[in-house]
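> One structure, pasted below without further comment.
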Amino acid sequence: MSQPDDSGAIATATGPTPYQRLGGDGAVRALIDCFYDLIDRDPAYIDVRRLHVDLNRSRDKLYWFLSGWLGGPKLYVERFGQPRLRARHLPFAIGVTERDQWLARMTRAMSERQIEPELARELLQALALTADWMRNRFG
Ligand code: HEM
């Protein structure tokens with residue numbers, strides 16, 4: 001399983017990748033669209049929403065990143081090089097509240113997209129480490 005960084009995929013050496021288990025490109029895009037629709041709709045995610053200026057750009061970037069992270073085409077790396085996600089998040093104040101809102105809406109997006117529960121559990125466990133690694137302020 002993963003370490004709390006962003007360098008590679010969470011795919012294992014054998015068997016289908018998480019990208020394949022999820023259903024490939026269309027399913028990844030649908031998950032990200034659902035994830036970002038939630039921030040727009042739901043006031044519970046206001047702290048995360050206010051940090052994002054251009055949600056359409058953010059949608060694309062998270063989709064490109066997750067495609068590679070899940071073991072599919074490395075769309076983000078092709079465009080921007082190494083993700084260096086922690087460094088790229090430093091301009092945004094991310095504490096426990098923002099981390100938990102991010103994870104809550106990803107959990108809900110997976111549920112709305114009816115991702116198979118065992119796969120959702122594995123992905124959320126790995127994403128929780130990455131989201132926690134992104135924290136750059138107390139509280
Ligand atoms: C597993 C956790 C996370 C992943 C995989 C992730 C992924 C990404 C990626 C790929 C980008 C685009 C970076 C770039 O090229 O500029 C990004 C931007 C961003 N992320 Fe995250 N992120 C995570 C957690 C968080 C958390 C906890 C917050 C807190 C609110 C957050 C807020 C933002 C913001 C504000 C941007 C800038 C968006 C923009 O440019 O409009 N992220 N994130």
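> Testing L51 on (1) part of a loop (DSSP other than H, G, I, E, B); (2) modelled with pLDDT of 95 or more, one condition comes back false. Which one is that?
(2)
> Any chance segment 54-72 includes a residue that's near the ligand (Cβ under 6 Å from one of its atoms) and over 21 Å from A128 (Cβ atoms)?
Yes, because at least one residue in segment 54-72 is near the ligand (Cβ under 6 Å from one of its atoms) and over 21 Å from A128 (Cβ atoms).
> For segment 108-122, how many residues meet the condition of being buried (at least 16 other Cβ atoms within 10 Å of the Cβ) and without any contact (Cβ under 8 Å) to a residue 24 or more places away in the chain?
Number satisfying all stated conditions: 1.
> Here's something else I'd like to know. Considering only residues that are assigned to a helix (DSSP H, G or I), touching a residue at least 24 places away in the same chain (Cβ under 8 Å) and more than 6 Å from the ligand (Cβ to nearest atom), look in segment 73-104 and name the one that is farthest from W133 (Cα to Cα).
Taking the candidates together, the pick is A104.
> Could I ask something else about it? Just to be sure I understand the filter: pairs with C-beta atoms under 6 Å, separated by 6 or more residues or on different chains, first member in segment 15-32 and within 17 Å of E118 (Cα to Cα), second member basic (K, R). Which pairs pass?
L31/R113
> Still on this structure, I have one more. Considering each residue of segment 24-48, count those that are within 11 Å of R105 (Cα to Cα) and not in a helix (DSSP H, G or I), and give that number.
So the answer is 1.
> Which residues, counting only those in segment 105-135, are within 10 Å of the ligand (Cβ to nearest atom) and outside any helix (DSSP H, G or I)?
M134, R135
The values are calculated or read from the model by the stated rules, or taken from the named source; none is laboratory data. Keep in mind it's a predicted model, so treat the numbers as computed, not measured. Methodologically, a virtual Cβ is constructed for each residue, glycine included, from the backbone with ideal geometry; neighbour enumeration extends over all protein chains shown.
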